[in-house]
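These notes concern the structure reproduced below.
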Amino acid sequence: MNIPNRITVSRILLIPIFIIMMSIPFNWGEWDIGNSVLPVSHFIAALIFIFASATDWIDGYYARKYNLVTNLGKFLDPLADKLLVSSALIILVEMGVAPAWVVIVIISREFAVTGLRLVAAGEGIVLAAGKMGKLKTATQMIAIASLLLHNFPFSYISFPFGTIMLYLALFFTVLSGYDYFAKNWHVMRDSK
């Protein structure tokens, strides 16, 4: 249990706190932000999400820089990412700010890529995330954070930044999934 793995575990432990902050109607007040209202509990949950998202970059950077990549980390890191993003997206559907079909497509892509990685692992092949996957992750994190913040600060000018970013994330999710499978289809084709 090295430092990068501890950071990853801390990200997993933040997920239930994030869910509680978004799900329980704490009466801590709210802020008027343009044409929207931002409950304080949603603001805190958004900060938790942003912090947890940042730890994804930190643990990966630290593990690579100091050669602390472990099998446990290879398992926990993508699991933590998928749990965090899936939880946030499902909550956004419940809030009525993310279309269910968009969330289904995004989560389905994650399942498909995970399945391909499992097949590859069974063959002793490690499939690394590409640049498209990193772009997908970045747009997802920005979209989710913006929607959790009720589109702040863009709510002051009635610009649907969060929604636009969500559809951009959907585009990169589908494109990166296609790219990932196109580059690694030989794993499925040649598996025993």
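Here are some notes:
- Protein heavy-atom accessible surface, 1.4 Å probe, per residue over the stretch 105-192: 55 Å².
- log10 of Debye I(q)/I(0), alpha-carbon scatterers only, for the stretch 35-84 at 0.19, 0.30 Å⁻¹: -0.69, -1.11
- The listed peptides 92-100, 51-59, 145-153, 23-31, ordered by packing as a protection proxy, come out as 145-153, 51-59, 92-100, 23-31 (highest mean of other Cβ atoms within 10 Å first).
- Fraction of alpha-carbon pairs over 22 Å apart in the stretch 1-98 - percent: 37 percent
- Value of Rg to Rh for the stretch 126-179, rounded to two decimals, is 1.10; Kirkwood radius and Rg both from alpha-carbon coordinates.
- Debye intensity ratio I(q)/I(0), log10, the chain, q values 0.10, 0.14, 0.15 Å⁻¹ (C-alpha model): -0.44, -0.83, -0.94
- Take the Cα of Arg6, step 7 Å toward its Cβ, do the same at Trp28, and the gap between the two points is 2.6 nm.
- Ratio of Rg to Rh for the stretch 98-140: 1.06 [Cα atoms; Kirkwood radius as inverse mean 1/r over pairs].
- Taking Cα centre as origin and charging only the Cβ of basic (Lys, Arg, +1) and acidic (Asp, Glu, -1) residues, the dipole magnitude of the chain rounds to 700 debye.
The values are calculated or read from the model by the stated rules, or taken from the named source; none is laboratory data. It should be emphasised that the depicted structure is a prediction, and the values quoted were computed from it without experimental measurement. Using ideal geometry, Cβ is built from the backbone for each residue, glycine included, and neighbour counts are taken over all protein chains shown. Ligands, DNA and RNA are stripped out before the accessible areas are found, and what is left, the full protein with its side chains, is counted by its heavy atoms. Shrake-Rupley method; radii C 1.70, N 1.55, O 1.52, S 1.80 Å.
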